[in-house]
1. Going by amide H atoms built from the backbone, whose H comes under 5 Å of the H on residue 49, apart from near neighbours?
2. Count the net charge of all other residues whose Cβ sits under 11 Å from the Cβ of residue 64, scoring Lys and Arg as +1 and Asp and Glu as -1.
3. So for 137, 18, fewest C-beta neighbours within 10 Å to most, what's the order?
4. What value, in deg cm²/dmol to 500, does the helix sum -39500 (n - 2.57) over DSSP H runs of n ≥ 4 give at 222 nm once divided by the residues of the chain?
5. Can you work out the Karplus-derived ³J(HN,Hα) for every residue in segment 12-17? Use 6.51 cos²θ - 1.76 cosθ + 1.60 with θ = phi - 60°, whole Hz, and x for glycine or proline.
6. Once amide H atoms are placed 1.01 Å from N in the peptide plane, what residues at a sequence separation of 5 or more from residue 78, or on another chain, have their amide H within under 5 Å of its amide H?
7. Which percent, nearest 5, of DSSP beta bridges in segment 3-186 are antiparallel?
8. When you count, for each residue, the other Cβ atoms within 10 Å and take the mean per peptide, how do 101-111, 78-88 rank with the highest first?
Amino acid sequence: MKRLVVAVTGASGAIYAERMIKAILENGHGLDLVLSNYGARLLKEERDLPGEPRRLIDALCERYKISLADDQAVFHNNSDLGAPLASGSYPVAGMVVVPASMKTVGAIASGLGDTLVDRAAMVNLKERRPLIVVPRETPYNRIFMENLLRLHDAGAIVLPAAPGFYQKPKTLEDLGDFIVARVLDRLDLPPSQDLVPRWDPKS
Ligand SMILES: Cc1cc2nc3c(=O)[nH]c(=O)nc-3n(C[C@H](O)[C@H](O)[C@H](O)COP(=O)(O)O)c2cc1C
């Protein structure tokens, strides 16, 4: 079972986190979950989901009728810098920060590492594992752009929360899945069934 770290931070777009977690669990991958305080708040405000990790996973399993394997989902406290994720020796296939606030983007770019989200992201970069950052803010100021460029230059994949509309999405979930599909492609973990149809100019 490949394990992925999902960090949910305080940017609008909790639907992206919700659909990301759903896709990882449904496809039988392991999930290491960490929520910032504002990530938890946005899950509650935008998606009516609990901000406590274990209750969040229970709620998502109920919402999407997912049965978890033993140890499939592991939870970490964002203030615990002694958690396994803080060490490069903890074997994960990669990490997604979804959605990524500009505060977290700046914190990772600055290399401080005083929350588990920031520290785990830096660990993935130093171990040369995929780190995918899904920023959400508009408009960008120069500082945001410079921080995103620093992440890109350090090896992260900056994958903005900017879904396409050529597949004619009908629901919020469709928009979420557009981004999730792009993230899973970047992790080389394509879902067992395509979340959104792939672009085919003939169709
Ligand atoms: C309702 C709400 C929506 C927010 N939306 C965004 C956003 O879209 N992008 C962003 O960068 N920050 C946004 N913020 C601000 C961040 O949550 C704030 O900067 C926070 O310190 C981020 O901390 P974190 O990265 O540790 O979660 C929002 C805050 C609130 C309360």
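Computed from the coordinates by the stated procedures, all read-outs in this text should not be read as laboratory data. Just so you know, these numbers come straight off a predicted model, no measurement behind them. Because the Cβ atoms are built from the backbone with ideal geometry, glycine has one as well, and the counts that use them run over all protein chains shown.
1. Amide H to amide H, under 5 Å and 5 or more residues apart or across chains, residue 49 pairs with 44.
2. My count for the surroundings of residue 64 gives 0.
3. With the fewest neighbours first, 137, 18 line up as 137, 18.
4. -12500 deg cm²/dmol
5. These are the phi-based 3J(HN,Hα) values: 4, x, 4, 4, 5, 5 Hz.
6. Residues meeting the criterion, in which the H sits 1.01 Å from N, are 35.
7. Beta bridges within segment 3-186, antiparallel portion: roughly 0 percent.
8. Result, highest mean first: 101-111, 78-88.
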